[in-house]
1. Out of all the residues in the stretch 80-115, which are of a type in the set (D, E, K, R) and in contact with a strand residue (DSSP E or B) (Cβ under 8 Å, 6 or more places away or on another chain)?
2. I want to confirm something. Restricting to the stretch 243-262 and keeping residues that are open to solvent by 30 Å² or more (accessible area, probe 1.4 Å) and under 24 Å from GLN134 (Cβ atoms), which single residue is nearest to the ligand (Cβ to nearest atom)?
3. Give the residues of the stretch 172-196 that are in a helix (DSSP H, G or I) and open to solvent by 30 Å² or more (accessible area, probe 1.4 Å), sorted by residue number.
4. Just one of (1) more than 25 Å from ALA172 (Cα to Cα); (2) in contact (Cβ under 8 Å) with a residue 24 or more places away in the chain trips up TYR237, so point out which.
5. For the stretch 216-242, enumerate the residues that are surrounded by 21 or more Cβ atoms within 10 Å (Cβ to Cβ) and either more than 22 Å from the chain's Cα centre (by Cα) or closer than 24 Å to GLY147 by Cα (or both).
6. Could you tell me whether the stretch 123-145 includes any residue that is among the basic types (Lys, Arg) and either touching a His at 6+ places or on another chain (Cβ under 9 Å) or surrounded by fewer than 18 Cβ atoms within 10 Å (Cβ to Cβ) (or both)?
7. Could you tell me whether any residue of the stretch 132-150 is in contact with a Ser or Thr (Cβ under 8 Å, 6 or more places away or on another chain) and over 30 Å from GLU23 (Cα atoms)?
8. Looking at (1) more than 12 Å from the chain's Cα centre (by Cα); (2) within 22 Å of LEU221 (Cβ to Cβ); (3) aliphatic (A, V, I, L, M), which one does LEU169 not meet, given that it meets all the others?
Amino acid sequence: MRHVISVHDFSTEDILNVLDRAEGMVDIAKGLAVDDRLKGRVLATIFFEPSTRTRLSFETAMNRLGGGVIGFAGTEATSVVKGETLADTIRMVSGYADAVVLRHPHEGAAKLATEFSDVPVLNAGDGAGQHPTQTLLDLFTIRSEMGRLNDLNISLVGDLRYGRTVHSLAYALSLFGNTINLVSPEGLEMPGEVVDHLKGSGQFGTACHSPEDVIDNTDILYVTRIQKERFPDPVEYEKVAGKYRIDPELVSQGPRNMIVMHPLPRINEITPEVDAMPQAKYFEQAFNAVPVRMALLSMVIGGE
Ligand code: NCD
């Protein structure tokens, strides 16, 4: 049984294996080819926190491979409101499905779920912890766009403290040999353990508060949303909301082949005018979720 809880569950070879398989899934993801290798299998998507892309791309991936999907998005209509524990929910759902995709506000929830599940658990985001399947699709996008996963200057911009996508991505990029710059508002810096890891592996570039300071030397500008829901105090959120505005002027200052990525949803940190620029890759990135999650499901459920 293979759980997907953190990027630490993957070696470099594992990651490349997923990405290679995902490449072979693109036509199926687009509906240009038909494949029913997961026919008769069931995926549960249980989301205790809001989601658009992650849940729908997992469900599309399962449907495109001929499988079925059960689950919930929001706990209002479930027994969670009656006080059912995560442990009991997982125990039961794992009897209904061949794998469980879980998103939960608490860091460590997915790891905890593995103790109660009879089937593989895939972490679709545990609070400010990790988001490993997002990282796989981010790496897929980087490899497709840049032709490699190494020797890149990647600037992670935004809420590096609470943003789980950047935690997972920083660790994964460090497997390949890159330079990683950390750009965040004051108070939203990358957690010390991630910074120490980057420094220890010789891949820490610079830490600063302004994207202008790194744009000249950036191959990938990876922008993230300020994670409003994680702030203990709304006043603190207001202080940093709208701090960054990535606009065409800034994007034009980057190297000619720089790309702009974002896990989405974006609020106002990338202006809509950037969307039409060739550097903007975030909608391609969102599509890539489907072939990458198909590859993962075919491995985790299909035993490939
Ligand atoms: C991210 C998440 O949920 O962590 N969304 C996603 O899965 N693409 C990013 C975010 O919510 O800011």
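1. ASP98, ARG103, GLU107, LYS111
2. Just the residues of the stretch 243-262 that are open to solvent by 30 Å² or more (accessible area, probe 1.4 Å), to begin with: 243, 245, 247-249, 252-253, 255-257.
Still in the list and also under 24 Å from GLN134 (Cβ atoms): 243, 245, 257.
Values: LYS243: 15, ARG245: 17, ASN257: 24 Å.
The extreme case among them is LYS243.
3. First, the residues of the stretch 172-196 that are in a helix (DSSP H, G or I): 172-173, 192-196.
Those that are in a helix (DSSP H, G or I) and open to solvent by 30 Å² or more (accessible area, probe 1.4 Å): GLY192, GLU193, ASP196.
4. It fails just one condition, (2).
5. Matches in the stretch 216-242: THR218, ILE220, LEU221, TYR222, VAL223, THR224.
6. So far as the stretch 123-145 goes, no, none of its residues is among the basic types (Lys, Arg) and either touching a His at 6+ places or on another chain (Cβ under 9 Å) or surrounded by fewer than 18 Cβ atoms within 10 Å (Cβ to Cβ) (or both).
7. The answer is no; no qualifying residue exists.
8. Of everything listed in (1) more than 12 Å from the chain's Cα centre (by Cα); (2) within 22 Å of LEU221 (Cβ to Cβ); (3) aliphatic (A, V, I, L, M), LEU169 misses just condition (1).
The values are calculated or read from the model by the stated rules, or taken from the named source; none is laboratory data. Being a predicted model, the structure only gives us computed values, none of them experimental. In this analysis, Cβ positions are derived from the backbone assuming ideal geometry, glycine residues included, and neighbour counts consider all displayed protein chains. Accessible surface areas use protein heavy atoms only, side chains included; no ligands, DNA or RNA. Shrake-Rupley method; radii C 1.70, N 1.55, O 1.52, S 1.80 Å.
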